[in-house]
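The values are calculated or read from the model by the stated rules, or taken from the named source; none is laboratory data. Given the structure is predicted, the values throughout are model-derived calculations rather than measurements. All Cβ positions, even for glycine, are placed from backbone atoms using ideal geometry, and neighbour counts span all protein chains on display.
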Amino acid sequence: MQSSLTEPRSAAPGSGGPPPAVGPPPRRSSGRAWEWSLAALLLLPNLVLLIVFTYRPLLDNIRLSFTDWNISSPIANPVGLANYVEWFGRDDTKVIVRNTLVFTVATVGISMALGLGLALLLDQRLKGRNLVRSVVFAPFVISGAAIGIAFQFVFDPRFGLVNDLLARIGVQSPDFYQQPGWALFMVTFTYIWKNLGYTFVIYLAALQGRRADLDEAAEIDGASAWTRFRRVLMPQLRPTTFFLSITVLLSSVQVFDIINVMTRGGPQGNGTATLVYQVYQETFVNQRAGYGATVATVMFVILLAVTVVQVRFMDRGKQS
Amino acid sequence: MSTSTTVGSTGPVGGTDEERTGGTQAPGRRRRRQQAHNVEASSHHRGPAWTVAGYVGMALIVLVVAVPLFWILVTSFKERGDIYVRPAKWWPDPATGQNYSELTTRIPFFDYVRNSVIITSATSIAKIVLGVISAYALSLLRFPGRSVVFLVVIAALMVPNQITVISNYALVAQWGWRNTYQGIIIPLAGVAFGTFLMRNQFLNLPGEIIEAARLDGAGPLKLLWRVVMPMSWPTLVAFALITVVNEWNEYLWPFLMSDDESTAPLPVGLTFLQNNDGVTNWGPVMAGTILAMLPILVLFLLLQRQMIKGLTAGAVKS
């Protein structure tokens, strides 16, 4: 990644020895200033949008986290570290951090493991696998809000699908609406159901690009299926696993639509509230934008730290 | 519809000659040459038990995905009384379109559809145009600070929307843009991923064709439109599809920006429907979710190869 950022030329990967990369235009003296201004013209709209709506608010958010701003008033009084002190001391913080951890670890772990398993399965020569591939991927393109609303009824404790299936084997359905643990299970399941197609498709692409001969050679040498999986396949999938661990983590932590439509962060106040939901709730429902900004800042710092650790971990793995 | 070539088309399928000789840890065995057939053939070595397990696995995953969708669809055609019975009915008997007509009378459903279409198309067009011209400048024009600009663009991928909403909300509200289309569209229009995707595509184009066009006196815009774009359609289509799907499904920002049917897109409108009654009347709600899912699912079934290509391209490159 790093090299492709600083050296644009090397970012053009050519698997089959492609023609040389695009060079500079031949006329250097006359066209240069003109070329610069054209580049500026083409880049400016996008850069302005990214700066105004991505980078500016990122910094502004940090400033707001040191104020008592209420989102509607023009005045925001500085309060120093009061919001941070409050966040670290409050009881609901523990619950929300725990919910976020449980949800994230479960969604990242399960969707990556299942995605890999399904990719291995559907990489085999089985009849109808193309259809099954489409079926697995389809939920990923559907709106999270629509899925969340529909799955609320799927999990309806009295008339839902899950209740009906459980009743057929004589099991009483848990109350997914009222019990915080089961509500968290419900949103986690729904999220994985929707997003499994993504990890699946990325792993499948990686599997199709792997080297068959290594596996064959190991098989001839008498390596067991498990050894081949662990020692031959997994090292080859390492870059993909790394890429997925970051992208899936980032999108899991950010989930808002499913939680908002299914539980509104409840039951019992914050049964399924995550950090992102807390940002929304404090800012727009409780009108404490300063405190909401504090939660957002904490979240960003955590995400940044986790990503840095992941990148480090990956680099170390590469060297050894 | 064949997906088998789909995913593979983004990367080399199986082992190419180059790769086979270039490995460091390959335990070089004499029969390697004969072994160098396609990956997928390896399943032939496995016994029938594996094959049976494979089909069982396929059946299971299809059930897990399809049964809830089937359930939602069936519910949307049930009469109200049939939804609330135990044990549940797995077929609408009698089937009725009443939930669908109720959906259009109880909420301004077509207003939400209109808003979704306007917001999705405007945002997508803006993103596609901005992505293409940014990528063009970052790949085929030379200017000082090019790599820094590129870094600024793609580092935006690391900033979650959820962290920027507070400040953006304040700014847009201050401009008086709440409940307007531009208030929803413009803050979403900056494009990082698409720029990255298109730039990679442009850098992979054969340099001599571009040189030749330049020597023929093609100006930069003609070069983009006549030479670069025609060679880049597949990537552009992939980028466009991902963008359309994402914008159609966008939730948080329009949810904060819209209070009613004047600007709220479909996913937000469905939330209003859900709120309307204390006890949710599931029939029309299910009909609404089916209608919200349908356009994207149809698009997906028609163009899944291109869509998957766009998603995997980002992954394979890094």
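Within the range A:281-320, count every residue that is more than 16 Å from the chain's Cα centre (by Cα), hydroxyl-bearing (Ser, Thr, Tyr) and assigned to a helix (DSSP H, G or I).
Qualifying residue count for the region: 4.
Considering every residue within the range B:240-255, establish whether at least one is over 24 Å from B:ARG114 (Cα atoms) and surrounded by 21 or more Cβ atoms within 10 Å (Cβ to Cβ).
No.
Being farther than 28 Å from B:SER232 by Cα, of a type in the set (Phe, Trp, Tyr) and within 24 Å of the chain's Cα centre (by Cα) is the filter here, so list the residues in the range B:126-181 that pass it.
Within the range B:126-181, B:TYR181 is the sole residue that qualifies.
Counting only residues that are acidic (Asp, Glu) and crowded, with 20+ Cβ neighbours inside 10 Å, give me the helices (runs of 4 or more DSSP H) lying completely in the range B:42-134 with at least 2 of them.
none
Residues to consider are B:ILE185, B:ILE210; find the one that is at the interface with chain A (Cβ under 10 Å from one of its Cβ atoms) and buried (at least 20 other Cβ atoms within 10 Å of the Cβ).
Matching residue, one of B:ILE185, B:ILE210: B:ILE210.
If A:ALA183 satisfies every condition in (1) aliphatic (A, V, I, L, M); (2) within 8 Å of chain B (Cβ to nearest Cβ); (3) touching a residue at least 24 places away in the same chain (Cβ under 8 Å) but one, which is the exception?
Here A:ALA183 clears every test but (2).
Using the structure shown, decide if A:ALA218 is facing another protein chain (nearest Cβ under 8 Å), among the aliphatic types (A, V, I, L, M) and in contact with a Lys or Arg (Cβ under 7 Å, 6 or more places away or on another chain).
Judged against the criteria, A:ALA218 is a match.
For every residue, the table says whether it meets (1) more than 7 Å from every other protein chain (Cβ to nearest Cβ); (2) touching a residue at least 60 places away in the same chain (Cβ under 8 Å); (3) among the aliphatic types (A, V, I, L, M).
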site	(1), (2), (3)
A:ARG125	no, no, no
A:VAL135	no, no, yes
A:SER143	no, yes, no
A:ALA146	no, no, yes
A:PHE153	no, no, no
A:ARG158	yes, no, no
A:LEU166	yes, no, yes
A:ILE169	yes, no, yes
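For the subset of the range A:219-232 comprising residues that are surrounded by fewer than 19 Cβ atoms within 10 Å (Cβ to Cβ) and hydrophobic (A, V, I, L, M, F, W, C), which member is farthest from A:LEU196 (Cα to Cα)?
A:ILE220
Any residue in the range B:171-200 that's within 21 Å of B:PHE239 (Cβ to Cβ): show its pairings with residues that are modelled with pLDDT of 95 or more and basic (Lys, Arg) at Cβ separation under 7 Å, as long as the two are six or more apart or on different chains.
That search, which allows pairs on different chains as well, returns B:ALA189/B:LYS127; B:VAL191/B:LYS127; B:GLY194/B:LYS127.
Checking the condition part of a helix (DSSP H, G or I), surrounded by fewer than 19 Cβ atoms within 10 Å (Cβ to Cβ) and of a type outside the set (Gly, Ala, Ser), which residue from A:LEU126, A:LEU116, A:LEU122, A:LEU131 passes?
A:LEU131
Pairs needed: first member in the range B:293-318, in a helix (DSSP H, G or I) and aromatic (Phe, Trp, Tyr); second member anywhere, surrounded by 17 or more Cβ atoms within 10 Å (Cβ to Cβ) and at pLDDT 80 or above; C-beta distance under 6 Å; at least 6 residues apart or different chains.
B:PHE300/A:VAL141
From B:VAL85, B:VAL65, B:VAL39, grab the single residue that is at pLDDT below 90, within 16 Å of A:LEU161 (Cβ to Cβ) and of a type in the set (A, V, I, L, M).
Checking each option against the conditions leaves just B:VAL85.
Of all residues in the range A:8-53 being of a type in the set (Val, Ile, Thr) and at pLDDT 95 or above, which is nearest to B:GLY219 (Cα to Cα)?
Once the filter is applied, the top-ranked residue is A:VAL48.
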